[in-house]
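The block underneath contains the structure these notes are about, expressed in structure tokens.
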Amino acid sequence: MNAKFENKAEHSGEADKTKRLRVDSKLVQKRLNQLERKLDWVDDAGEVADRHKRTVILKHMFTLKELEEDITMLLDLPEDVRAECEKLGKVTSVKVYDLSEDGVIAVKFKDELSAKACVQMMNGRFFGGRQVEATIYDGQTRYKSSKESSKAETVASTSDAQP
């Protein structure tokens, strides 16, 4: 009795099927980072989540009456704020919450250090005759924007219209 040892794949002719799948490590790392960002929340100690530490909230930048009288402010304000804040670091987005009674503008920076510098520079400064209040976003307060309310109205109107 002679024992003959062979690879199972060679024996069955399915060598291609048994090859291990190659996993792209960069893709795996990217997906892992995306999942970690989704799980980024305020921890039990009350510390603000990392992604919110890069966002500065500027209050009292405008009044609702000013926006009603001059609609072009919606275009000019973000440009002016971006130009001023870019002196401190890379700005990734500027959003005007045009339905907020506090005249809120959110400025998101690429890094936390720039956001802190923005708070120091803008807090207490006067803009349009009003004293600006600058803080790091707390991650919980929700501000009102016409873009968000128009999306909600569109969803509501399409769900009401039945074929």
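Brief remarks follow.
- Note on Met121/Val23: beta-carbon distance plugged into 1/(1 + (r/R0)^6) with R0 of 35 Å gives a FRET efficiency of 0.15.
- Solvent-accessible surface (1.4 Å probe) assigned to Lys87 amounts to roughly 140 Å².
- Normalised per residue, the accessible area of region 47-145 is 57 Å², obtained with a 1.4 Å probe and no contribution from ligands, DNA or RNA.
- Computed over protein heavy atoms with a 1.4 angstrom probe, the accessible surface ordering of Glu133, Glu69, largest first, is Glu69, Glu133.
- Extension gain for the segment Glu79 to Asn33, taken as residue separation times 0.36 nm less the Cα-Cα distance, is 13.5 nm to one decimal.
- Using 0.36 nm per residue and subtracting the Cα-Cα separation, the extra length available between Arg130 and Lys65 on full extension is 22.0 nm.
- Gain on full extension, evaluated as 0.36 nm per residue between Lys90 and Ala3 minus their Cα-Cα distance, stands at 24.3 nm.
The values are calculated or read from the model by the stated rules, or taken from the named source; none is laboratory data. Please read all numbers here as calculations on a predicted model, not as lab measurements. Note that we place each Cβ from the backbone using ideal geometry, even for glycine, and neighbour counts take in every protein chain shown. Surface accessibility is based on the protein's heavy atoms, side chains included, excluding ligands, DNA and RNA. Shrake-Rupley method; radii C 1.70, N 1.55, O 1.52, S 1.80 Å.
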